[in-house]
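Student: For reference, the structure I am asking about is given below.
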Amino acid sequence: MYWNERYECMPEEELRELQLERLQATVKRAFFNVPFYRKAFQAIGIEPGDIKSLDDLQKLPFTTKQDLRDNYPFGMFAVPMSEVVRIHSSSGTTGKPTVVGYTRHDIDVWAELMARALVCGGTTRHDIIQNAYGYGLFTGGLGIHYGAERLGASVIPISGGNTKRQIMIMKDYGSTVLTCTPSYALHLAEVMAEMGVSPGELKLRCGIFGAEPWSENMRQEIEKRLGISAVDIYGLSEVIGPGVGIECQEKNGLHVFGDHFLVEVIDPVTEKSVPPGQLGELVITSLTKEALPVIRYRTRDITSLLLGTCSCGRTYVRVARFTGRTDDMLIIRGVNVFPSQVESVLLEMGGTEPHYLLIVDRQGALDTLEVKVEVSDSLFSDKVRGLEELEKRLVNELESTLGISVKVTLVEPKTIERSEGKAVRVIDKRKI
Ligand code: DLL
(Lines give C-alpha, C1' and ligand atoms only; values in the text may rest on other atoms or scores of the structure.)
Protein backbone atom coordinates (compact mmCIF):
# COMPACT_ATOMS: atom_id res chain seq x y z
CA MET A 1 0.00 0.00 0.00
CA TYR A 2 2.94 2.34 0.66
CA TRP A 3 6.39 2.40 -0.85
CA ASN A 4 7.97 4.27 2.04
CA GLU A 5 5.63 4.30 5.01
CA ARG A 6 8.06 6.12 7.27
CA TYR A 7 7.90 9.26 5.14
CA GLU A 8 4.46 8.90 3.59
CA CYS A 9 2.76 8.55 6.97
CA MET A 10 5.12 10.67 9.06
CA PRO A 11 3.43 12.44 12.00
CA GLU A 12 2.75 16.02 10.94
CA GLU A 13 4.92 17.61 13.62
CA GLU A 14 7.90 15.47 12.64
CA LEU A 15 7.30 16.25 8.97
CA ARG A 16 7.30 19.98 9.68
CA GLU A 17 10.63 19.70 11.49
CA LEU A 18 12.12 17.83 8.57
CA GLN A 19 10.71 20.40 6.14
CA LEU A 20 12.26 23.29 8.06
CA GLU A 21 15.64 21.62 8.21
CA ARG A 22 15.53 20.92 4.48
CA LEU A 23 14.20 24.38 3.64
CA GLN A 24 17.10 25.99 5.48
CA ALA A 25 19.59 23.80 3.60
CA THR A 26 17.92 24.61 0.26
CA VAL A 27 17.96 28.35 0.92
CA LYS A 28 21.64 28.18 1.80
CA ARG A 29 22.42 26.13 -1.30
CA ALA A 30 20.58 28.61 -3.52
CA PHE A 31 22.11 31.68 -1.87
CA PHE A 32 25.70 30.48 -2.01
CA ASN A 33 25.62 28.72 -5.39
CA VAL A 34 23.17 30.55 -7.65
CA PRO A 35 23.95 34.21 -8.38
CA PHE A 36 20.30 34.77 -9.38
CA TYR A 37 19.09 33.82 -5.90
CA ARG A 38 21.85 35.70 -4.09
CA LYS A 39 20.89 38.87 -5.94
CA ALA A 40 17.16 38.32 -5.41
CA PHE A 41 17.67 37.74 -1.66
CA GLN A 42 19.98 40.70 -1.27
CA ALA A 43 17.55 42.96 -3.11
CA ILE A 44 15.03 42.45 -0.31
CA GLY A 45 17.57 42.21 2.49
CA ILE A 46 17.19 38.50 3.25
CA GLU A 47 19.92 36.10 4.31
CA PRO A 48 19.74 32.34 4.78
CA GLY A 49 19.93 32.83 8.58
CA ASP A 50 16.60 34.70 8.48
CA ILE A 51 14.69 31.49 7.77
CA LYS A 52 13.88 30.32 11.29
CA SER A 53 10.44 28.79 10.81
CA LEU A 54 8.32 27.44 7.97
CA ASP A 55 6.31 30.68 8.07
CA ASP A 56 9.48 32.54 7.06
CA LEU A 57 9.04 30.96 3.63
CA GLN A 58 6.75 33.89 2.90
CA LYS A 59 9.69 36.28 3.19
CA LEU A 60 11.44 34.66 0.24
CA PRO A 61 11.12 35.97 -3.31
CA PHE A 62 9.23 34.02 -6.00
CA THR A 63 10.87 32.28 -8.95
CA THR A 64 9.16 32.34 -12.35
CA LYS A 65 9.56 30.53 -15.64
CA GLN A 66 10.92 33.80 -17.01
CA ASP A 67 13.73 33.69 -14.44
CA LEU A 68 14.73 30.28 -15.78
CA ARG A 69 14.54 31.58 -19.32
CA ASP A 70 16.64 34.63 -18.46
CA ASN A 71 19.32 32.29 -17.14
CA TYR A 72 19.12 29.93 -20.13
CA PRO A 73 20.44 27.31 -20.34
CA PHE A 74 22.34 26.44 -17.13
CA GLY A 75 22.47 29.71 -15.17
CA MET A 76 20.17 28.50 -12.38
CA PHE A 77 22.18 25.36 -11.66
CA ALA A 78 23.61 25.17 -8.14
CA VAL A 79 26.31 22.62 -8.98
CA PRO A 80 29.15 22.52 -11.53
CA MET A 81 28.27 20.70 -14.77
CA SER A 82 30.62 17.88 -13.74
CA GLU A 83 27.98 16.92 -11.15
CA VAL A 84 25.04 17.08 -13.56
CA VAL A 85 24.21 13.63 -14.90
CA ARG A 86 20.96 14.40 -16.76
CA ILE A 87 19.40 17.32 -18.60
CA HIS A 88 15.73 17.65 -19.52
CA SER A 89 13.76 20.57 -20.79
CA SER A 90 10.18 21.68 -20.60
CA SER A 91 7.73 21.41 -23.41
CA GLY A 92 7.13 25.16 -23.60
CA THR A 93 5.44 26.21 -26.81
CA THR A 94 6.62 29.82 -26.77
CA GLY A 95 10.15 31.20 -26.49
CA LYS A 96 13.13 29.21 -25.32
CA PRO A 97 12.41 26.03 -23.40
CA THR A 98 13.40 25.93 -19.76
CA VAL A 99 16.33 23.65 -19.08
CA VAL A 100 16.58 21.53 -15.95
CA GLY A 101 19.45 19.47 -14.57
CA TYR A 102 19.84 16.59 -12.13
CA THR A 103 22.72 15.29 -10.05
CA ARG A 104 23.03 11.57 -9.41
CA HIS A 105 21.33 12.13 -6.06
CA ASP A 106 18.48 14.07 -7.74
CA ILE A 107 17.87 11.13 -10.09
CA ASP A 108 17.87 8.80 -7.10
CA VAL A 109 15.30 10.96 -5.25
CA TRP A 110 13.17 11.21 -8.38
CA ALA A 111 13.12 7.42 -8.79
CA GLU A 112 12.13 7.07 -5.12
CA LEU A 113 9.32 9.59 -5.53
CA MET A 114 8.06 7.95 -8.69
CA ALA A 115 8.12 4.52 -6.99
CA ARG A 116 6.02 6.03 -4.18
CA ALA A 117 3.72 7.61 -6.74
CA LEU A 118 3.21 4.39 -8.69
CA VAL A 119 2.37 2.47 -5.51
CA CYS A 120 0.06 5.26 -4.34
CA GLY A 121 -1.66 5.08 -7.73
CA GLY A 122 -2.28 1.35 -7.34
CA THR A 123 0.76 -0.26 -9.00
CA THR A 124 2.75 -3.16 -7.53
CA ARG A 125 5.99 -4.83 -8.52
CA HIS A 126 3.96 -7.58 -10.16
CA ASP A 127 2.59 -5.17 -12.76
CA ILE A 128 3.59 -4.77 -16.38
CA ILE A 129 3.67 -1.04 -17.01
CA GLN A 130 3.18 0.19 -20.55
CA ASN A 131 4.83 3.57 -20.38
CA ALA A 132 3.45 5.63 -23.26
CA TYR A 133 4.69 9.00 -22.02
CA GLY A 134 7.22 10.43 -24.44
CA TYR A 135 10.87 9.51 -23.82
CA GLY A 136 13.37 12.26 -24.48
CA LEU A 137 13.69 15.81 -23.26
CA PHE A 138 10.18 15.53 -21.80
CA THR A 139 10.38 14.30 -18.20
CA GLY A 140 7.34 11.98 -18.47
CA GLY A 141 8.93 8.92 -20.10
CA LEU A 142 12.17 8.63 -18.13
CA GLY A 143 10.58 9.85 -14.90
CA ILE A 144 8.01 7.06 -14.86
CA HIS A 145 10.57 4.58 -16.19
CA TYR A 146 13.04 5.01 -13.32
CA GLY A 147 10.23 4.82 -10.77
CA ALA A 148 8.88 1.62 -12.33
CA GLU A 149 12.32 0.00 -12.25
CA ARG A 150 12.87 1.14 -8.66
CA LEU A 151 9.55 -0.45 -7.77
CA GLY A 152 10.56 -3.65 -9.51
CA ALA A 153 7.65 -3.70 -11.94
CA SER A 154 8.23 -4.73 -15.57
CA VAL A 155 8.31 -1.57 -17.63
CA ILE A 156 7.72 -1.44 -21.38
CA PRO A 157 9.44 1.75 -22.60
CA ILE A 158 7.16 2.13 -25.60
CA SER A 159 6.97 5.96 -25.52
CA GLY A 160 4.10 7.79 -27.26
CA GLY A 161 2.71 7.17 -30.72
CA ASN A 162 2.30 4.22 -33.09
CA THR A 163 -1.08 3.58 -31.55
CA LYS A 164 -1.89 0.29 -33.27
CA ARG A 165 1.38 -1.19 -32.09
CA GLN A 166 0.60 0.04 -28.56
CA ILE A 167 -2.61 -1.95 -28.63
CA MET A 168 -1.00 -5.07 -30.06
CA ILE A 169 1.68 -4.95 -27.35
CA MET A 170 -0.85 -4.23 -24.65
CA LYS A 171 -2.73 -7.34 -25.69
CA ASP A 172 0.21 -9.65 -26.37
CA TYR A 173 2.39 -8.69 -23.39
CA GLY A 174 -0.54 -8.46 -21.00
CA SER A 175 0.17 -4.90 -19.83
CA THR A 176 -1.65 -4.22 -16.57
CA VAL A 177 -0.87 -0.52 -16.07
CA LEU A 178 -0.95 2.22 -18.68
CA THR A 179 0.89 5.51 -18.20
CA CYS A 180 0.31 8.38 -20.66
CA THR A 181 -1.56 11.65 -21.00
CA PRO A 182 -5.32 11.35 -20.48
CA SER A 183 -5.97 12.59 -24.02
CA TYR A 184 -3.75 9.86 -25.43
CA ALA A 185 -5.48 7.25 -23.24
CA LEU A 186 -8.73 8.24 -24.84
CA HIS A 187 -7.22 8.05 -28.29
CA LEU A 188 -5.92 4.56 -27.51
CA ALA A 189 -9.44 3.55 -26.46
CA GLU A 190 -10.80 4.90 -29.71
CA VAL A 191 -8.30 3.06 -31.90
CA MET A 192 -8.85 -0.08 -29.85
CA ALA A 193 -12.55 0.05 -30.64
CA GLU A 194 -11.75 0.55 -34.34
CA MET A 195 -9.51 -2.51 -34.27
CA GLY A 196 -12.28 -4.51 -32.66
CA VAL A 197 -10.32 -5.08 -29.45
CA SER A 198 -12.55 -4.99 -26.38
CA PRO A 199 -11.27 -4.05 -22.89
CA GLY A 200 -12.18 -7.59 -21.78
CA GLU A 201 -9.39 -8.96 -24.01
CA LEU A 202 -6.78 -6.93 -22.14
CA LYS A 203 -5.26 -7.35 -18.70
CA LEU A 204 -5.15 -3.59 -18.18
CA ARG A 205 -6.46 -2.65 -14.75
CA CYS A 206 -5.19 0.80 -13.98
CA GLY A 207 -3.93 3.99 -15.59
CA ILE A 208 -1.75 6.79 -14.26
CA PHE A 209 -2.51 9.86 -16.28
CA GLY A 210 -1.30 13.43 -16.11
CA ALA A 211 0.87 16.11 -17.73
CA GLU A 212 -2.25 18.04 -18.77
CA PRO A 213 -5.48 19.15 -17.12
CA TRP A 214 -8.40 16.73 -17.30
CA SER A 215 -11.82 16.72 -15.72
CA GLU A 216 -13.61 14.27 -13.45
CA ASN A 217 -15.96 13.48 -16.33
CA MET A 218 -13.01 12.68 -18.54
CA ARG A 219 -11.78 10.27 -15.87
CA GLN A 220 -15.10 8.45 -15.91
CA GLU A 221 -15.07 8.30 -19.69
CA ILE A 222 -11.56 6.79 -19.76
CA GLU A 223 -12.38 4.33 -16.98
CA LYS A 224 -15.45 3.19 -18.84
CA ARG A 225 -13.86 2.86 -22.26
CA LEU A 226 -10.72 1.10 -21.10
CA GLY A 227 -12.31 -0.80 -18.22
CA ILE A 228 -9.72 0.46 -15.73
CA SER A 229 -9.27 2.62 -12.65
CA ALA A 230 -7.59 5.94 -13.53
CA VAL A 231 -5.64 8.24 -11.22
CA ASP A 232 -4.22 11.71 -11.71
CA ILE A 233 -0.48 12.37 -11.46
CA TYR A 234 1.07 15.83 -11.36
CA GLY A 235 4.50 17.28 -11.83
CA LEU A 236 6.53 19.77 -13.80
CA SER A 237 10.05 19.80 -15.17
CA GLU A 238 11.16 22.89 -13.29
CA VAL A 239 10.37 21.18 -10.00
CA ILE A 240 11.47 17.61 -10.89
CA GLY A 241 9.08 16.13 -13.48
CA PRO A 242 6.23 13.70 -12.75
CA GLY A 243 6.11 12.66 -9.09
CA VAL A 244 5.37 15.91 -7.26
CA GLY A 245 1.92 14.64 -6.33
CA ILE A 246 -0.55 11.88 -7.14
CA GLU A 247 -3.98 10.64 -6.17
CA CYS A 248 -4.38 7.53 -4.03
CA GLN A 249 -7.18 5.02 -4.43
CA GLU A 250 -9.58 7.46 -2.72
CA LYS A 251 -9.25 9.71 -5.82
CA ASN A 252 -9.91 12.70 -3.66
CA GLY A 253 -7.11 15.15 -4.32
CA LEU A 254 -3.42 14.67 -5.02
CA HIS A 255 -0.98 13.93 -2.19
CA VAL A 256 2.08 16.15 -2.48
CA PHE A 257 5.30 14.50 -1.31
CA GLY A 258 5.86 16.96 1.51
CA ASP A 259 9.25 15.69 2.59
CA HIS A 260 10.57 16.89 -0.78
CA PHE A 261 8.30 19.80 -1.72
CA LEU A 262 6.63 22.63 0.17
CA VAL A 263 3.44 23.93 -1.41
CA GLU A 264 1.50 27.16 -1.08
CA VAL A 265 -1.60 28.31 -2.94
CA ILE A 266 -1.64 32.05 -3.59
CA ASP A 267 -3.83 34.64 -5.23
CA PRO A 268 -1.89 35.26 -8.46
CA VAL A 269 -2.66 38.98 -8.32
CA THR A 270 -2.11 39.91 -4.66
CA GLU A 271 0.50 37.13 -4.28
CA LYS A 272 -0.87 36.36 -0.79
CA SER A 273 -1.82 32.87 0.42
CA VAL A 274 -5.46 31.93 0.03
CA PRO A 275 -7.32 29.79 2.59
CA PRO A 276 -7.76 26.04 2.02
CA GLY A 277 -10.60 25.29 -0.36
CA GLN A 278 -10.10 28.50 -2.33
CA LEU A 279 -8.70 28.33 -5.84
CA GLY A 280 -5.34 29.94 -6.48
CA GLU A 281 -1.94 29.40 -8.06
CA LEU A 282 0.24 26.58 -6.78
CA VAL A 283 3.70 27.69 -5.63
CA ILE A 284 6.33 25.03 -4.97
CA THR A 285 9.64 25.09 -3.12
CA SER A 286 11.96 22.12 -3.59
CA LEU A 287 13.47 20.79 -0.37
CA THR A 288 16.09 18.28 -1.50
CA LYS A 289 17.10 19.16 -5.04
CA GLU A 290 20.81 19.66 -5.62
CA ALA A 291 21.29 20.72 -9.24
CA LEU A 292 18.28 23.00 -9.57
CA PRO A 293 16.80 24.09 -6.27
CA VAL A 294 13.67 26.18 -6.83
CA ILE A 295 12.33 28.61 -4.28
CA ARG A 296 8.66 29.56 -4.39
CA TYR A 297 8.30 28.55 -8.01
CA ARG A 298 5.17 30.06 -9.59
CA THR A 299 3.70 27.05 -11.39
CA ARG A 300 0.73 28.97 -12.88
CA ASP A 301 -1.31 25.84 -12.19
CA ILE A 302 -4.65 26.43 -10.54
CA THR A 303 -5.78 24.32 -7.61
CA SER A 304 -6.75 24.58 -3.94
CA LEU A 305 -5.43 23.10 -0.71
CA LEU A 306 -7.67 20.38 0.69
CA LEU A 307 -8.35 20.17 4.39
CA GLY A 308 -8.64 17.03 6.46
CA THR A 309 -6.85 13.73 6.51
CA CYS A 310 -7.13 11.07 3.84
CA SER A 311 -8.29 7.61 4.80
CA CYS A 312 -5.30 6.10 2.96
CA GLY A 313 -3.16 7.12 5.94
CA ARG A 314 -0.74 9.41 4.14
CA THR A 315 -0.17 12.57 6.13
CA TYR A 316 0.85 14.78 3.23
CA VAL A 317 -1.02 17.91 2.24
CA ARG A 318 -3.44 17.30 -0.64
CA VAL A 319 -4.30 19.61 -3.52
CA ALA A 320 -7.43 19.45 -5.64
CA ARG A 321 -7.40 18.30 -9.28
CA PHE A 322 -6.09 21.09 -11.44
CA THR A 323 -8.61 23.38 -13.08
CA GLY A 324 -6.11 24.66 -15.62
CA ARG A 325 -3.32 27.21 -15.76
CA THR A 326 -3.45 30.93 -15.20
CA ASP A 327 -2.11 31.28 -18.72
CA ASP A 328 -4.68 28.81 -20.14
CA MET A 329 -7.40 30.97 -18.76
CA LEU A 330 -9.06 32.75 -21.60
CA ILE A 331 -10.52 36.15 -21.00
CA ILE A 332 -13.40 36.41 -23.41
CA ARG A 333 -15.32 39.67 -23.22
CA GLY A 334 -13.91 40.14 -19.76
CA VAL A 335 -15.15 36.75 -18.54
CA ASN A 336 -12.69 34.11 -17.35
CA VAL A 337 -13.11 30.84 -19.22
CA PHE A 338 -11.20 27.60 -18.68
CA PRO A 339 -11.13 24.83 -21.29
CA SER A 340 -11.84 22.37 -18.45
CA GLN A 341 -15.25 24.00 -17.85
CA VAL A 342 -16.16 23.36 -21.46
CA GLU A 343 -14.92 19.77 -21.21
CA SER A 344 -17.12 19.11 -18.17
CA VAL A 345 -20.24 20.40 -19.91
CA LEU A 346 -19.57 18.46 -23.11
CA LEU A 347 -19.08 15.19 -21.29
CA GLU A 348 -22.01 15.69 -18.95
CA MET A 349 -24.44 16.36 -21.78
CA GLY A 350 -23.68 13.19 -23.73
CA GLY A 351 -24.01 12.82 -27.49
CA THR A 352 -20.51 14.20 -28.05
CA GLU A 353 -17.02 12.75 -27.88
CA PRO A 354 -14.34 14.17 -25.55
CA HIS A 355 -12.54 15.64 -28.55
CA TYR A 356 -13.03 19.37 -28.75
CA LEU A 357 -11.37 22.63 -29.67
CA LEU A 358 -12.02 26.15 -28.45
CA ILE A 359 -11.55 28.79 -31.11
CA VAL A 360 -11.40 32.34 -29.87
CA ASP A 361 -11.54 35.21 -32.33
CA ARG A 362 -12.46 38.84 -32.49
CA GLN A 363 -15.09 40.35 -34.75
CA GLY A 364 -14.76 44.11 -34.68
CA ALA A 365 -14.36 44.85 -30.99
CA LEU A 366 -16.18 41.73 -29.84
CA ASP A 367 -14.53 38.50 -28.77
CA THR A 368 -16.16 35.32 -30.01
CA LEU A 369 -15.95 31.76 -28.76
CA GLU A 370 -16.61 28.80 -30.98
CA VAL A 371 -16.61 25.30 -29.51
CA LYS A 372 -15.95 22.62 -32.10
CA VAL A 373 -16.87 19.20 -30.84
CA GLU A 374 -17.14 15.76 -32.35
CA VAL A 375 -20.53 14.09 -32.33
CA SER A 376 -20.82 10.47 -31.19
CA ASP A 377 -20.90 7.95 -34.02
CA SER A 378 -24.47 6.85 -33.26
CA LEU A 379 -25.83 10.38 -33.29
CA PHE A 380 -23.94 11.39 -36.39
CA SER A 381 -25.77 8.92 -38.53
CA ASP A 382 -29.00 10.14 -36.94
CA LYS A 383 -31.47 12.59 -38.43
CA VAL A 384 -30.49 16.23 -38.82
CA ARG A 385 -33.09 17.11 -36.26
CA GLY A 386 -31.27 15.22 -33.51
CA LEU A 387 -28.11 17.13 -34.29
CA GLU A 388 -29.91 20.45 -34.22
CA GLU A 389 -31.36 19.64 -30.85
CA LEU A 390 -28.00 18.59 -29.47
CA GLU A 391 -26.43 21.79 -30.71
CA LYS A 392 -29.15 23.87 -29.03
CA ARG A 393 -28.79 22.02 -25.75
CA LEU A 394 -25.01 22.46 -25.81
CA VAL A 395 -25.28 26.18 -26.56
CA ASN A 396 -27.72 26.66 -23.66
CA GLU A 397 -25.68 24.68 -21.19
CA LEU A 398 -22.34 26.24 -22.19
CA GLU A 399 -23.77 29.75 -22.11
CA SER A 400 -25.24 29.28 -18.67
CA THR A 401 -22.03 27.71 -17.32
CA LEU A 402 -19.61 30.17 -18.87
CA GLY A 403 -21.74 33.29 -18.81
CA ILE A 404 -20.93 34.34 -22.39
CA SER A 405 -22.45 33.55 -25.76
CA VAL A 406 -21.00 30.55 -27.52
CA LYS A 407 -21.21 29.14 -31.02
CA VAL A 408 -21.23 25.35 -31.12
CA THR A 409 -20.06 23.56 -34.25
CA LEU A 410 -20.70 19.84 -34.34
CA VAL A 411 -18.19 17.99 -36.46
CA GLU A 412 -17.90 14.44 -37.73
CA PRO A 413 -16.31 11.83 -35.50
CA LYS A 414 -12.49 11.66 -35.74
CA THR A 415 -12.02 15.01 -37.47
CA ILE A 416 -10.29 16.86 -34.63
CA GLU A 417 -6.58 16.16 -34.56
CA ARG A 418 -5.47 13.62 -31.91
CA SER A 419 -2.38 14.09 -29.81
CA GLU A 420 0.17 11.54 -28.65
CA GLY A 421 1.26 13.77 -25.79
CA LYS A 422 -0.33 16.88 -24.43
CA ALA A 423 -3.55 17.83 -26.23
CA VAL A 424 -4.02 21.25 -27.84
CA ARG A 425 -7.47 22.49 -26.84
CA VAL A 426 -7.40 26.18 -27.72
CA ILE A 427 -6.75 28.25 -30.81
CA ASP A 428 -6.72 31.91 -29.90
CA LYS A 429 -6.74 33.79 -33.16
CA ARG A 430 -6.76 37.13 -31.36
CA LYS A 431 -3.04 36.90 -30.62
CA ILE A 432 -1.99 35.98 -34.13
O1 DLL B 1 4.18 17.40 -17.73
C2 DLL B 1 5.56 16.32 -16.09
C3 DLL B 1 4.62 15.17 -16.04
C4 DLL B 1 4.84 14.06 -16.85
C5 DLL B 1 3.55 15.16 -15.17
C6 DLL B 1 4.00 12.98 -16.77
C7 DLL B 1 2.71 14.07 -15.09
C8 DLL B 1 2.94 12.97 -15.88
P9 DLL B 1 6.11 19.67 -18.09
O10 DLL B 1 6.19 19.22 -19.48
O11 DLL B 1 7.15 20.57 -17.55
O12 DLL B 1 6.12 18.43 -17.11
O13 DLL B 1 4.68 20.33 -17.89
C14 DLL B 1 4.27 20.75 -16.62
O15 DLL B 1 1.94 20.31 -17.16
O16 DLL B 1 2.82 22.96 -14.94
C17 DLL B 1 0.85 21.68 -15.59
O18 DLL B 1 0.42 22.83 -16.26
C19 DLL B 1 0.69 20.48 -16.53
N20 DLL B 1 0.35 19.28 -15.74
C21 DLL B 1 1.15 18.28 -15.37
N22 DLL B 1 0.44 17.34 -14.68
C23 DLL B 1 -0.84 17.77 -14.63
C24 DLL B 1 -2.05 17.28 -14.07
C25 DLL B 1 5.19 17.41 -17.06
N26 DLL B 1 -2.11 16.10 -13.45
C27 DLL B 1 2.87 21.31 -16.70
N28 DLL B 1 -3.16 18.03 -14.18
C29 DLL B 1 2.34 21.71 -15.35
C30 DLL B 1 -3.12 19.24 -14.81
C31 DLL B 1 -0.89 19.03 -15.29
N32 DLL B 1 -2.03 19.74 -15.38
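The values are calculated or read from the model by the stated rules, or taken from the named source; none is laboratory data. As the structure is a computational prediction, the values presented were derived from the model and not from experiment. Cβ sites come from the backbone with ideal geometry, for glycine too, and all protein chains shown count toward neighbours. Side chains included, ligands, DNA and RNA excluded: accessible areas come from the protein's heavy atoms. Shrake-Rupley method; radii C 1.70, N 1.55, O 1.52, S 1.80 Å.
Student: Counting only residues 5 or more places away or on other chains, whose amide H sits under 5 Å from the amide H of Arg300 once H atoms are built in the peptide plane?
Tutor: Here Leu282 satisfy the definition.
Student: A further question follows. Is the range 178-220 rounded, prolate or oblate when judged by the Cα gyration tensor, a ≥ b ≥ c being the square roots of its eigenvalues, rounded requiring a/c under 1.5 and prolate requiring a/b larger than b/c? Mind showing how you got there, number by number?
Tutor: Numbers: a/c = 2.11, a/b = 1.70, b/c = 1.24.
Taking the square roots of the gyration eigenvalues as a ≥ b ≥ c, the range 178-220 is prolate.
Student: Continuing with the same structure: Defining a contact as two alpha carbons under 8 Å apart and six or more residues distant in sequence, what relative contact order in percent does the range 30-147 show?
Tutor: 20 percent
Student: Over the alpha-carbon set of the range 111-234, work out the extent along each principal axis and list the three values in angstrom, largest first.
Tutor: Over the range 111-234, Cα extents along the principal axes are 38, 31, 26 Å.
Student: Looking at Ile169, Val239, His145, which one has the Cα that reaches farthest to the positive end of the dipole of the range 140-288 (charges on Cβ: Lys, Arg +1; Asp, Glu -1)?
Tutor: Ile169
Student: If you scale each eigenvalue of the Cα gyration tensor by 5 and take the root, what three semi-axes come out for the range 198-280, rounded to whole angstrom and sorted largest first?
Tutor: 30, 15, 11
Student: Over 18 Å between Cα atoms, which of Lys39/Lys96; Lys383/Lys407; Lys28/Lys52; Lys28/Lys96 qualify?
Tutor: Check vs 18 Å cut-off fails for Lys39/Lys96; Lys383/Lys407; Lys28/Lys96.
Student: Please state the shape class of the range 163-318: rounded when a/c is under 1.5, otherwise prolate if a/b exceeds b/c and oblate if not, all from the C-alpha gyration tensor.
Tutor: Here the range 163-318 falls in the prolate category.
Student: Can you give the charge dipole size of the range 115-263 about its Cα centre, rounded to the nearest 20 debye, using +1 on the beta carbon of Lys and Arg and -1 on the beta carbon of Asp and Glu? Could you put the intermediate results ahead of the total?
Tutor: Working: 12 positive and 15 negative charges, 78 e Å.
I would put it at about 380 debye.
Student: Could you give me the percent of Cα pairs per 5 Å distance bin for the range 262-336, shortest bin first, beginning at zero and ending with the bin that holds the maximum distance?
Tutor: 3, 15, 21, 22, 18, 12, 5, 2, 1, 0
Student: Related question: Would the range 243-396 count as rounded, prolate or oblate if I go by the C-alpha gyration tensor, calling it rounded below 1.5 in a/c and otherwise prolate when a/b exceeds b/c, oblate otherwise?
Tutor: Prolate, since a/c reaches 1.5 and a/b exceeds b/c.
Student: Once the whole set of protein chains is in place, how much accessible area is left on Glu290, using a 1.4 Å probe, in Å² to the nearest 10?
Tutor: Near enough 50 Å² of accessible area.
Student: Hey, any idea what the orientation-averaged projected area of the convex hull of the range 1-157's Cα atoms comes to, in nm²?
Tutor: On the way: hull surface 43.3 nm².
Taking the Cα atoms of the range 1-157, their convex hull projects to 10.8 nm² on average.
Student: While we're looking at this one, here's another question. Under unit Cβ charges (Lys, Arg +1; Asp, Glu -1), what dipole magnitude, rounded to 20 debye, does the range 326-432 have relative to its Cα centre?
Tutor: 340 debye
Student: Further question: Once you charge only the Cβ atoms, +1 for Lys and Arg and -1 for Asp and Glu, what is the size of the charge dipole of the chain about its Cα centre, to the nearest 20 debye?
Tutor: Charge dipole of the chain: 760 debye, to the nearest 20.
Student: Please provide three numbers in whole Å: the alpha-carbon extents of the range 226-268 along the principal axes, with the largest listed first.
Tutor: Cα spread of the range 226-268 along its principal axes, largest to smallest: 37, 23, 21 Å.
Student: Compute a Gaussian network model of the chain, connecting alpha carbons closer than 10 Å, and tell me which residue from Gly134, Gly364, Gly386 fluctuates the most.
Tutor: Looking only at Gly134, Gly364, Gly386, the biggest GNM fluctuation is shown by Gly364.
Student: Arg86 to Glu47: extension gain in nm, 0.36 nm per residue of separation minus the Cα-Cα distance?
Tutor: Numbers: separation 39, 0.36 × 39 = 14.04 nm, distance 3.03 nm.
Here the answer is 11.0 nm.
Student: Find the accessible area per residue for the range 352-432; the probe is 1.4 Å, ligands and nucleic acids are left out, and the unit is Å².
Tutor: It amounts to 59 Å² per residue over the range 352-432.
Student: So what are the ³J(HN,Hα) numbers for the range 26-33, from phi and the Karplus equation (6.51, -1.76, 1.60; θ = phi - 60°), rounded to whole Hz, Gly and Pro as x?
Tutor: 5, 5, 4, 4, 5, 4, 7, 10
Student: Please report, for the Cα atoms of the range 126-167, the Rg to one decimal and the Dmax as a whole number; what are they, in angstrom?
Tutor: Just the Cα atoms of the range 126-167 yield Rg and Dmax of 10.1, 29 Å.
Student: Could you pull out the trypsin sites (Lys or Arg not before Pro) across the range 41-74 that fall in loop regions by DSSP (anything but H, G, I, E, B) with no more than 13 other Cβ atoms inside 10 Å? Can you show the working numbers first?
Tutor: Working: sites: Lys52, Lys59, Lys65, Arg69; in loops: Lys52.
Qualifying residues, ordered by number: Lys52.
Student: Using the structure shown, select from Lys171/Lys414; Lys372/Lys429; Lys251/Lys422 the pairs with a Cα to Cα distance greater than 19 angstrom.
Tutor: From Lys171/Lys414; Lys372/Lys429; Lys251/Lys422, over 19 Å: Lys171/Lys414; Lys251/Lys422.
Student: If you build the convex hull over the alpha carbons only and average its shadow over all orientations, what do you get for the range 34-110? Give it in nm² to one decimal.
Tutor: Dividing the Cα hull surface by four gives the mean projection, 6.4 nm².
Student: So if I restrict to the alpha-carbon atoms in the range 106-175, what is the Rg, and what is Dmax, the biggest pairwise distance, in Å?
Tutor: Cα radius of gyration and Dmax of the range 106-175 are 11.9, 35 Å respectively.
Student: Report the FRET efficiency, 1/(1 + (r/R0)^6), for Thr315 and Phe32, where r is their Cβ-Cβ distance and R0 is 30 Å, rounded to 0.05.
Tutor: 0.40
Student: Please work out the Kirkwood hydrodynamic radius for the chain, using every pair of different C-alpha atoms, and report it in angstroms with one decimal place. Write down the numbers at each step before the final one.
Tutor: Numbers: mean 1/r = 0.0439 Å⁻¹.
Hydrodynamic radius (Kirkwood, Cα only) of the chain equals 22.8 Å.
Student: Which one of Val155, Val274, Trp214 is farthest out on the positive end of the charge dipole of the chain, using unit charges on Cβ (Lys, Arg +1; Asp, Glu -1) and the Cα centre as origin?
Tutor: Val155
Student: Kindly sort Asp361, Asp127 by accessible area of their heavy atoms, largest first, with the probe set to 1.4 Å.
Tutor: Asp361, Asp127
Student: Now for a different question. Quick check: pseudo-label points 7 Å beyond the Cα along Cα→Cβ at Leu54 and Met1, how many nm apart are they?
Tutor: 2.4 nm
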